[in-house]
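**Q** Take a look at the following structure, please.
The values are calculated or read from the model by the stated rules, or taken from the named source; none is laboratory data. Keep in mind that this is a model prediction, so the values were computed, not measured. Please note: Cβ atoms are built from the backbone with ideal geometry, for glycine as well, and neighbour counts cover all protein chains shown. Heavy atoms of the whole protein, side chains included, go into the accessibility calculation; ligands, DNA and RNA do not. Shrake-Rupley method; radii C 1.70, N 1.55, O 1.52, S 1.80 Å.
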Amino acid sequence: MKMSAPSLLPLFRSQLQGDLLALVLLHPDRSWTLTSLAGELGASHTAVLRETDRLVGAEILSEERVGRTRVITARTDTVLYRPLCDLLLVTYGPMPRLSALLSGLDGIDEAYIYGSWAARYSGVPGPIPADVDVLVIGRPDPDELFDLADRASRELHRDVNVHRVTPEAWASPSDEPFLTSVRERPLARLQLRKENGE
């Protein structure tokens with residue numbers, strides 16, 4: 001099966017490569033096993049192994065053996081690291097950064113990126129998105145959510161617009177134009193975790 005270049009940044013060989021680089025390089029303080037990367041990225045162990053081998057060989061990622069386990073980390077000591085991070089932050093960055101930021105906020109059940117960024121992420125061709133639209137389902141503190149959106153806008157170098165809906169409104173069928181529009185278009189689900197890692 002021929003893989004096509006991802007719409008977010010056609011310089012990468014695949015969506016998986018872009019997601020993998022963003023996950024590891026934008027979290028330089030973390031280490032990953034191949035199993036944890038596969039689970040986080042929703043990809044097969046074999047596909048993650050192939051991409052990781054390429055990126056370790058190119059000295060973009062590093063690996064250490066702990067027993068029989070391969071532990072993968074970002075190579076932060078190369079000339080490529082900073083410019084590649086900048087490029088990843090404005091293209092693939094919304095998924096890992098918004099997942100991390102929203103995970104620290106109480107009262108959120110689910111969160112999705114919608115709109116043009118989600119469309120590019122799912123492979124719909126088009127121009128680079130000028131902003132990132134986020135749907136938060138739950139009852140987080142509105143002021144904290146506003147502050148989080150402001151911080152995310154600064155980190156991602158583009159406007160981050162957050163729209164909040166209650167779990168009841170999201171779960172029930174509705175003719176409300178906004179929810180109908182969001183449900184009919186691509187959504188990119190953010191991986192929210194509790195602070196204790198659950």
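**Q** Work out the length of the dipole vector of region 44-101 about its Cα centre, built from +1 on the beta-carbon of each Lys and Arg and -1 on the beta-carbon of each Asp and Glu, and round it to the nearest 20 debye.
**A** The dipole magnitude comes to about 160 debye.
**Q** Quantify, in whole percent, the carbon and sulfur part of the accessible surface of region 11-115 (1.4 Å probe; protein heavy atoms only).
**A** For region 11-115, the apolar C and S fraction of the accessible surface comes to 52 percent.
**Q** Please say if region 106-198 is rounded, prolate or oblate, where rounded means a/c under 1.5 for a ≥ b ≥ c the square roots of the C-alpha gyration tensor eigenvalues, and otherwise the choice is prolate for a/b larger than b/c and oblate otherwise?
**A** Since a/c reaches 1.5 but b/c is at least a/b, the shape of region 106-198 is classed as oblate.
**Q** Mean separation of Cα pairs under 8 Å and 6+ residues apart, divided by the residue count of region 59-198: what relative contact order is that in percent?
**A** Contact order relative to length: 28 percent.
**Q** Next up: With unit charges on the beta carbons (Lys and Arg positive, Asp and Glu negative) and the dipole taken about the Cα centre of region 64-198, which residue among L145, L156, T78 sits farthest to the positive side?
**A** T78
**Q** Based on DSSP, what percent of beta bridges with both residues in region 79-198 are antiparallel, to the nearest 5?
**A** 55 percent
**Q** Now, a different point. Given that just one value was derived from the coordinates, which of (1) 17.4, 56; (2) 16.6, 56; (3) 18.2, 54 is Rg and Dmax of the Cα atoms in Å?
**A** (1)
**Q** Once you sort the root eigenvalues of the Cα gyration tensor of region 128-174 as a ≥ b ≥ c, which label holds: rounded (a/c under 1.5), prolate (a/b larger than b/c) or oblate (the other case)?
**A** oblate
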